[in-house]
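K.L.:
Quick one: the structure is below, and I'll ask about it shortly.
No lab work stands behind these numbers, since they all come straight from the coordinates. Here the structure is a predicted model, which is why all the values come from computation and not from measurement. Virtual Cβ from ideal backbone geometry, glycine too; neighbours counted across all protein chains shown.
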Amino acid sequence: MRLKGLTKKKLADIGDNYVLTEKLSPGQEALARKQLAEARKRTQAEMSEREKLIANLLQLKFRLEDYINNKEFDEQKTFGYFLKEYLQLIHKKRNEFAAEIDIHETLLSQLINNHRSPSDNIMIRLELHSNNSIPATYWYKLVEKQKEHYIGTNKELRKAEKKFVRNRIKVSV
């Protein structure tokens, strides 16, 4: 790349648009990783509890967003999984959190363990509890993704429901 005749402004624009990389030896790469980890640790140590909470909420929100927008279904990433993650990041015990959103602790446990689906009210309460950080629509889309997978893959349900259908149309699209 020719840099002759470029102004400082143009050089700054180039710097904003390009990342110049240099091939590192394995030793240099290990040292760079170590230095980066130390810098991250120092930065995190200097963060206030409020800043940590904001960072954790954003991280959860982005993980939820990525999963919802991903076509793949993961059996592990259920409504209960993300609800449990939320409780952990806000450092709340189940009984304390259940009281804060005015539900019985047993219901909360059933939601976390995927024994029960959340009502619309629960999803709204989660949005309000997070001060709109995690929208109710994210929780809803998460539940819908689970339901879509269940309906699309449950062969037993199809088999059981087949006996209730008569006079199916003769064409298929």
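K.L.:
Just give me the residues in the range 97-106 being without any contact (Cβ under 8 Å) to a residue 12 or more places away in the chain and not in a helix (DSSP H, G or I), in sequence order.
P.N.:
Of everything in the range 97-106, just one residue is without any contact (Cβ under 8 Å) to a residue 12 or more places away in the chain and not in a helix (DSSP H, G or I), namely His104.
K.L.:
Kindly provide the set of residues from the range 144-164 that are of a type in the set (Phe, Trp, Tyr) and in a loop (DSSP other than H, G, I, E, B), ordered by number.
P.N.:
Result: Phe164, single match.
K.L.:
Name the residues in the range 48-107 that are surrounded by 16 or more Cβ atoms within 10 Å (Cβ to Cβ), among the polar types (S, T, N, Q) and over 27 Å from Thr153 (Cα atoms), would you?
P.N.:
Residue satisfying the conditions is Asn56 alone.
K.L.:
Right, something else. Could you please find all residues in the range 109-127 being over 15 Å from the mean Cα position of the chain (by Cα) and in contact (Cβ under 8 Å) with a residue 24 or more places away in the chain?
P.N.:
Leu111, Ile112, Asn113, Asn114, Ser117, Pro118, Arg125 - these are the residues of the range 109-127 that are over 15 Å from the mean Cα position of the chain (by Cα) and in contact (Cβ under 8 Å) with a residue 24 or more places away in the chain.
K.L.:
Oh, and also: In the range 107-118, is there at least one residue being in contact with a helix residue (DSSP H, G or I) (Cβ under 8 Å, 6 or more places away or on another chain), part of a loop (DSSP other than H, G, I, E, B) and within 18 Å of Leu60 (Cα to Cα)?
P.N.:
Scanning the range 107-118, I find no residue that is in contact with a helix residue (DSSP H, G or I) (Cβ under 8 Å, 6 or more places away or on another chain), part of a loop (DSSP other than H, G, I, E, B) and within 18 Å of Leu60 (Cα to Cα), so the answer is no.
K.L.:
Within the range 90-108, can one find any residue that is touching a Gly at 6+ places or on another chain (Cβ under 8 Å) and either closer than 19 Å to Leu142 by Cα or aromatic (Phe, Trp, Tyr) (or both)? Let's see the steps before the verdict.
P.N.:
Filtering the range 90-108 for residues touching a Gly at 6+ places or on another chain (Cβ under 8 Å) gives none.
Taking every residue of the range 90-108 in turn, none turns out to be touching a Gly at 6+ places or on another chain (Cβ under 8 Å) and either closer than 19 Å to Leu142 by Cα or aromatic (Phe, Trp, Tyr) (or both).
K.L.:
Let me ask something else. Name the residue, out of Lys77, Lys93, Lys71, that is more than 30 Å from Glu51 (Cβ to Cβ) and basic (Lys, Arg). Break it down into steps so the answer makes sense when it comes.
P.N.:
On the way: Lys77 fails: more than 30 Å from Glu51 (Cβ to Cβ); Lys93 fails: more than 30 Å from Glu51 (Cβ to Cβ).
When all the criteria are applied, what remains is Lys71.
K.L.:
Regarding Ile134, is this residue touching a residue at least 40 places away in the same chain (Cβ under 8 Å), among the β-branched types (Val, Ile, Thr) and under 20 Å from Tyr67 (Cα atoms)?
P.N.:
Numbers: touching a residue at least 40 places away in the same chain (Cβ under 8 Å): yes; among the β-branched types (Val, Ile, Thr): yes; under 20 Å from Tyr67 (Cα atoms): yes.
So Ile134 fits the description; yes.
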